[in-house]
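Asker: Let me give you the structure first, and then I'll get to my questions.
Please treat every number below as a calculation from the coordinates, not as lab data. Just so we're clear, the structure is a prediction, and the values are computed from it rather than from any experiment. Heads up, the Cβs are rebuilt from the backbone with ideal geometry, glycines too, and the neighbour counts pull from every protein chain shown.
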Amino acid sequence: MTAELHSRRTVLTTGATVAGVAVGTVALAACGSSDDSKSGTAQAPIAAGTPLVALDEVPVGQAKAAKAPDGSDVIVSRTSDSAVAAFSAICTHQGCTVAPKGADLVCPCHGSVFNALTGEVKQGPANKPLPSVQVKVENGKVVTG
């Protein structure tokens with residue numbers, strides 16, 4: 001009987017260990033790696049002159065999310081009364097979509113924070129700035145340029 005209990009105990013312990021390793025592996029895979037693998041992905045240029053947002057919809061010193069005609073997510077920032085900047089809304093850490101929050105762009109996945117006016121990293125884990133998108137103001141609208 002002792003050998004039988006020992007082998008059951010061994011089976012149960014081994015099974016629990018294997019299950020724990022499997023769960024840990026799945027959890028790590030869901031989070032992805034810690035490198036900035038998405039940051040090297042080139043984004044296709046957006047056609048020049050395409051309207052993204054009305055200038056008066058973006059408060060000075062803040063940003064607004066917009067959709068480019070190709071469906072990509074962009075962030076339009078108003079750096080002064082008449083000047084704007086734009087960035088890809090794709091976090092350079094692992095490719096989640098950042099969202100404007102006051103003067104910051106915040107990644108909901110891993111907590112990276114970017115400066116809404118420059119696209120520069122304020123807080124990691126991202127370590128590369130958001131890629132810029134060429135824009136200009138025409139007739140009260142922010143358009144690709």
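Asker: Taking 25 Å as R0, compute the FRET efficiency from the Cβ-Cβ separation of residue 56 and residue 122 and round it to 0.05. The partial results should precede the final answer.
Answerer: Details: r = 27 Å, r/R0 = 1.07.
Plugging the Cβ-Cβ distance into 1/(1 + (r/R0)^6) gives 0.40.
Asker: Please compute the modelled spin-label separation between residue 79 and residue 132, points set 7 Å along Cα→Cβ, answer in nm with one decimal.
Answerer: Taking the simple label geometry, residue 132 and residue 79 are separated by 0.6 nm.
Asker: Between residue 99 and residue 70, what length in nm is gained on full extension when 0.36 nm per residue of separation is reduced by their alpha carbon distance? Before the final figure, lay out each step's value.
Answerer: On the way: separation 29, 0.36 × 29 = 10.44 nm, distance 1.89 nm.
Roughly 8.6 nm would be gained on extension.
Asker: How do 73, 81 line up, fewest other C-beta atoms within 10 Å first? Provide the component values of the computation, followed by the final result.
Answerer: Working: 73 15, 81 7.
Taking fewest neighbouring Cβ atoms as first place, the list is 81, 73.
Asker: If amide hydrogens are placed 1.01 Å from N in the peptide plane, which non-local residues have theirs closer than 5 Å to the one on residue 122?
Answerer: Placed amide hydrogens put 113, 114, 115 under 5 Å from residue 122.
Asker: Taking amide hydrogens as modeled 1.01 Å from N in the peptide plane, which residues meet the under 5 Å criterion relative to residue 50, leaving out close sequence neighbours?
Answerer: For residue 50, whose amide H was placed from the backbone, the distant partners under 5 Å are 144.
Asker: Amide H to amide H under 5 Å from residue 141: which residues, 5+ apart in sequence or cross-chain, H placed 1.01 Å off N in plane?
Answerer: Result for residue 141 returns 55.
Asker: Along segment 128-138, what does the Karplus equation 6.51 cos²θ - 1.76 cosθ + 1.60 (θ = phi - 60°) give for ³J(HN,Hα), rounded to whole Hz, x for Gly and Pro?
Answerer: Result, ordered by residue: 10, x, 6, x, 7, 10, 6, 9, 8, 9, 9 Hz.
Asker: Using the Karplus equation 6.51 cos²θ - 1.76 cosθ + 1.60 (θ = phi - 60°), what ³J(HN,Hα) coupling, rounded to whole Hz, does each residue of segment 109-117 give in order, writing x for Gly and Pro?
Answerer: For segment 109-117, the Karplus curve yields 7, 10, x, 5, 10, 10, 6, 5, 8 Hz.
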